[in-house]
1. Given Gln105, Gln119, which one is at pLDDT 95 or above and either surrounded by 14 or more Cβ atoms within 10 Å (Cβ to Cβ) or out of contact with any Leu (no Cβ under 6 Å at 6 or more places or on another chain) (or both)?
2. In segment 40-50, is there at least one residue being of a type outside the set (Val, Ile, Thr), over 22 Å from Arg117 (Cβ atoms), under 19 Å from the mean Cα position of the chain (by Cα) and assigned to a helix (DSSP H, G or I)?
3. In segment 163-207, which residues are surrounded by 12 or more Cβ atoms within 10 Å (Cβ to Cβ) and assigned to a strand (DSSP E or B)?
4. Would you call Gly3 of a type in the set (Gly, Ala, Ser), touching a strand residue (DSSP E or B) at 6+ places or on another chain (Cβ under 7 Å) and within 30 Å of Gly138 (Cα to Cα)?
5. Those residues that are surrounded by 13 or more Cβ atoms within 10 Å (Cβ to Cβ), more than 27 Å from Gly116 (Cβ to Cβ) and of a type in the set (A, V, I, L, M, F, W, C), I need them from segment 51-84; list them, please.
6. Of everything in segment 136-162 that's part of a helix (DSSP H, G or I) and touching a residue at least 60 places away in the same chain (Cβ under 8 Å), which residue is surrounded by the most Cβ atoms within 10 Å (Cβ to Cβ)?
Amino acid sequence: MSGKSIFDKLWERHVVTGKEGEPQLMYVDQHYIHEVTSPQAFQGLRDVGRKVRRPDLTFGTTDHNVPTVDIFNIRDLISKNQIDTLAKNVAEFGIDAATHGSERQGIVHMVGSEIGRSQPGKFIVCGDSHTATHGAFGAIAFGIGTSEVEHVFATQCIWQVKPKKMKVEFVGKPQRGVYSKDFILALIAQYGVDAGVGYAVEYCGEA
C-alpha cells in the first residue's frame, strides 16, 4: 500500500463529515474576500439575520477594481460602489481588511502571503478563480462562488467533492532565466489548458 500524499493528509484533516467520493463538509482555515464577489454574500447574511461565524479567520482586501495608476481616480461608479461597500461590510461584520489606499492593500494572491495568513497545511478559499496560487505554500486553496462565500461566512465550512490527484514531475535543472511560470506555460502548451480540470496537482522533481 502506497503512502498518502500531502494532499490526502491535508484533505482528511479538514473533513467535518461525509464520505470520500461524495460531497464532504470541509472546515475552512482561511477565507479571503474582496469587493466583487462579497457584497451579495454579506447581504444574504443580513436578510436572514446571521453573523460571520469566524471573522478572525476572514480577511478582506480591495482587489479587482483599483486602478493601477492613480488608485483614487475611479471613474466607474459601479467599481467605486463595490469598493465603498466592502469597507462598510468589513466594518459592520468585524473583519480585518486591507482597505482601499491602506499600506496592506493589494491583490488577494499577494496579500495573503505578505501578512502571513497563507501557511502550510491550511484549507483556503476565496471568491476568486486564482486562489489556487496559495497552494504554493503547501496549502489546499481554490476559488469559490458567491453563494459559497455566504456559506463560509455563516458556517466556516464548505461542501466539496474531493478532486482526483495528479503528480507533475519536472526533470533536470532549468537553464538560467527559466522560472516556474515558464514551466507552467510549457506544461499547458504540451497538454492543453484543460489537462488539470478536476485534479489537485502536486509538483515535484529536481527542477
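1. None of the other options fit; the residue is Gln119.
2. Taking every residue of segment 40-50 in turn, at least one turns out to be of a type outside the set (Val, Ile, Thr), over 22 Å from Arg117 (Cβ atoms), under 19 Å from the mean Cα position of the chain (by Cα) and assigned to a helix (DSSP H, G or I).
3. Answer for segment 163-207, where residues must be surrounded by 12 or more Cβ atoms within 10 Å (Cβ to Cβ) and assigned to a strand (DSSP E or B): Lys165, Met166, Lys167, Val168, Tyr199, Ala200, Val201, Glu202, Tyr203.
4. no
5. Once the filter is applied, which keeps residues that are surrounded by 13 or more Cβ atoms within 10 Å (Cβ to Cβ), more than 27 Å from Gly116 (Cβ to Cβ) and of a type in the set (A, V, I, L, M, F, W, C), segment 51-84 yields only Ile74.
6. Applying the filter and picking the extreme gives Val149.
The values are calculated or read from the model by the stated rules, or taken from the named source; none is laboratory data. These numbers come from a predicted model, not from an experiment. Every residue, glycine as well, gets a Cβ built from its backbone with ideal geometry; the counts of neighbours run over all protein chains shown.
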